[in-house]
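Q: Please see the structure below; I have some questions.
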Amino acid sequence: MAVKKHGDTYWIDYYYRDQAGRQCRKREAVGQNKKLAEDLLRKRLGDIAERRFFPDREAKRVRFREAVEEFLTWAKVNCRPAGHRSYSNYAANLMEAFAERHLDQITPPDVEKYKAARLKTVSPSSVNRELATLKRLYNLALKGQILHGVKVAESLPRRIGMLRENPKRLRYLTEKEYMELLLSADKVRLRDKRRLRHIDIKPIIITAVHTGMRKNEILDLKWSEVDLAGRVITVREGKCDSERHVPMNSALAAALEAIPRRIDSPYVFCHADQGKYAGRRFRELKTRWELVLKEAGIENFRFHDLRHTCASWLVMKAVPLKTVQEILGHKSFMTTLRYAHLAPELRNEAVEKLSEIGYGHILDTKPPPPGGLPPKAVVNGWGREENGAPRGTRTHDPVIKNHLLYQLS
């Protein structure tokens, strides 16, 4: 059992027992990556020890389109509806390239060609989401959660390289833009009462800016999750099915108290008209949002940027980054650090505190008073110990130490 190299290719060599109990020897060509060969050998030995490795048993082959169908069935059960929809969209693009290929026929060069073709029409981040879907499908098949007993290219997921994405945008409102946005929301609502009377986007904007909640978290918000007395909002199903408690300030509390409640609907933001949508939660705000932006004259701004506005304003008001992370529900502190540059004065104040270190007696190089130091006296932190040694000379810097010894000699 070893990893050997023949030419430019690494091979793994090992023994196993077939279904009849006979000892057999098998060699496999892995490729030009030694670490990949070592990992595959360890996996083979683990499967042999668990009696799950029978290469003589012929594995069935399936086409990529069949694998995608089973993968989406798995995602519908194990993922949220939004996640299932995302997987469906990404898989549709993958199907155009690999639909009729067998899973064991898709190679890393094929994936590289797919990446190059997709980059002509979409951004690197979109391509990465599709590649992540492809890797998820293969990993589930390798773990046996889908496509049990199907022949799969085991090394493919580890050999798919992700693209470098562009830096994430950080667009937030100024206070003037925010006031213009609220005024525009009122103008749009009053100007077209007949068509837009069932959606008032102003309290939604206020909620987004004052809590940093995501759009779906706001639209899913129910009155049972709003504690006006305790000034807290409970987000039951945030991103990654997480729950968090978001504090509520007086401005947001006043905006929510002004919203009329419907007996037939548990949602805070729902259709207020009497038609077939009465009481239903808002599904999409795109049309109203674009009208308000146009009225306010604000460009290059998305609804999600209201969340960036909340985080940016908190940081600029000297709120600790850890608190900002808890309010916005960031899983990783690295995400919150994107806003750290918005408060440079805080870092300047922190560094300035270090300047206090160095004004102590260790670094005091002022000459002794006229007439020298009296016995056992301390002047400006300097003096002599009981044995006559000068005090305050405990430093490893030879320049400072020699200078101090010269002064006290």
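Q: If you go through region 15-25 one residue at a time, do you hit one that is modelled with pLDDT of 80 or more, open to solvent by 40 Å² or more (accessible area, probe 1.4 Å) and either of a type outside the set (Lys, Arg) or touching a Lys or Arg at 6+ places or on another chain (Cβ under 6 Å) (or both)?
A: The answer is yes, given that some residue of region 15-25 is modelled with pLDDT of 80 or more, open to solvent by 40 Å² or more (accessible area, probe 1.4 Å) and either of a type outside the set (Lys, Arg) or touching a Lys or Arg at 6+ places or on another chain (Cβ under 6 Å) (or both).
Q: Are any residues in region 304-318 surrounded by fewer than 18 Cβ atoms within 10 Å (Cβ to Cβ) and touching a helix residue (DSSP H, G or I) at 6+ places or on another chain (Cβ under 8 Å), and if so, which ones?
A: Hits for region 304-318 are His304, Met316, Ala318.
Q: All but one of (1) under 30 Å from Ala67 (Cβ atoms); (2) open to solvent by 20 Å² or more (accessible area, probe 1.4 Å); (3) modelled with pLDDT of 90 or more hold for Ala229, so report the exception by its number.
A: (1)
Q: Evaluate the following for Lys143: is it open to solvent by 70 Å² or more (accessible area, probe 1.4 Å) and on the phi < 0 side of the Ramachandran plot?
A: The answer is yes for Lys143.
Q: Now for a separate question. Helices (runs of 4 or more DSSP H) wholly in region 216-326 with at least 2 residues that are touching a Gly at 6+ places or on another chain (Cβ under 6 Å) - which ones?
A: Here the list reads 305-316.
Residue-by-condition table, conditions (1) buried (at least 18 other Cβ atoms within 10 Å of the Cβ); (2) at pLDDT below 90; (3) in contact with a His (Cβ under 9 Å, 6 or more places away or on another chain):
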{"site": "Arg197", "(1), (2), (3)": "no, yes, no"}
{"site": "Ile201", "(1), (2), (3)": "yes, no, no"}
{"site": "Thr207", "(1), (2), (3)": "yes, no, no"}
{"site": "Ser224", "(1), (2), (3)": "no, no, no"}
{"site": "Thr234", "(1), (2), (3)": "no, no, yes"}
{"site": "Asp264", "(1), (2), (3)": "no, yes, no"}
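Q: From the list Leu40, Leu94, pick out the single residue that is within 26 Å of Glu130 (Cα to Cα), more than 29 Å from the chain's Cα centre (by Cα) and surrounded by 11 or more Cβ atoms within 10 Å (Cβ to Cβ).
A: Going through Leu40, Leu94 in turn, just one is within 26 Å of Glu130 (Cα to Cα), more than 29 Å from the chain's Cα centre (by Cα) and surrounded by 11 or more Cβ atoms within 10 Å (Cβ to Cβ): Leu40.
Q: Sticking with this structure for a sec: In region 145-180, how many are outside any loop (DSSP other than H, G, I, E, B) and either of a type outside the set (A, V, I, L, M, F, W, C) or within 30 Å of His341 (Cα to Cα) (or both)?
A: 9
The values are calculated or read from the model by the stated rules, or taken from the named source; none is laboratory data. Note that the structure is a prediction, hence the values are computed from the model and not measured. Ideal geometry is used to build each Cβ from the backbone, glycine not excepted, and the neighbour counts take in all protein chains shown. These area figures cover heavy atoms from the full protein model, side chains too; ligands, DNA and RNA do not enter into them. Shrake-Rupley method; radii C 1.70, N 1.55, O 1.52, S 1.80 Å.
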